[in-house]
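Below: the structure, in structure tokens.
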Amino acid sequence: MEKNILIVDDDKLFLRALGQVLTDANYKLITTSTVDDAYVKITNKSFDLLICDLMIDDLTGVDLIRAIKQNIGESFPIIVVSSLNYGKKVISDLGFENVHFIHKPNVFNEIVKIIESLN
């Protein structure tokens, strides 16, 4: 089944590289570099997955995750990618359901594995 994925990251080079990897793996993508734009996109279009950074210029990925979990549902799958050493702990401490964490240097292969495991 083809998945529609929204990717949010303010690092344009990373966004382009991840976009290429996932496009090559036959996923449909929409990308943005702001949390506000991501929220507009996710409320106006149906996505199967969100991939986002924790630190984004306008707000944080945590703000976006909270809004999605409250308004779309706890079961909506999210992959957080971050270079923050404490990022996994932040996500774990918040207790969000169905949120995966990947440390940025190891992203590309891990993201494809997680997406494939999501049915």
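Which residue pairs have Cβ atoms under 6 Å apart, sit 6 or more places apart or on different chains, and have a first residue in the range 79-105 that is within 25 Å of Asn4 (Cβ to Cβ) and a second that is open to solvent by 40 Å² or more (accessible area, probe 1.4 Å) and in a loop (DSSP other than H, G, I, E, B)?
Glu97/Glu74; Asn98/Ser75; Lys104/Ser83
Out of all the residues in the range 39-54, which are under 14 Å from the mean Cα position of the chain (by Cα) and free of Cβ contacts under 8 Å to residues at least 40 places away in the same chain? Break it down stepwise before answering.
From the range 39-54, those under 14 Å from the mean Cα position of the chain (by Cα) are 39, 41-42, 47-54; that's our starting set.
Listed by number, the residues that qualify are Tyr39, Lys41, Ile42, Leu54.
Restricting attention to the range 27-57, which residues are out of contact with any Gly (no Cβ under 7 Å at 6 or more places or on another chain), acidic (Asp, Glu) and open to solvent by less than 60 Å² (accessible area, probe 1.4 Å)?
Of everything in the range 27-57, those that are out of contact with any Gly (no Cβ under 7 Å at 6 or more places or on another chain), acidic (Asp, Glu) and open to solvent by less than 60 Å² (accessible area, probe 1.4 Å) turn out to be Asp37, Asp48.
Of the residues that make up the range 75-87, is at least one in contact with a helix residue (DSSP H, G or I) (Cβ under 6 Å, 6 or more places away or on another chain) and open to solvent by 70 Å² or more (accessible area, probe 1.4 Å)?
yes
The values are calculated or read from the model by the stated rules, or taken from the named source; none is laboratory data. As the structure is a computational prediction, the values presented were derived from the model and not from experiment. Cβ sites come from the backbone with ideal geometry, for glycine too, and all protein chains shown count toward neighbours. Note: areas computed on protein heavy atoms with side chains; ligands, DNA, RNA excluded. Shrake-Rupley method; radii C 1.70, N 1.55, O 1.52, S 1.80 Å.
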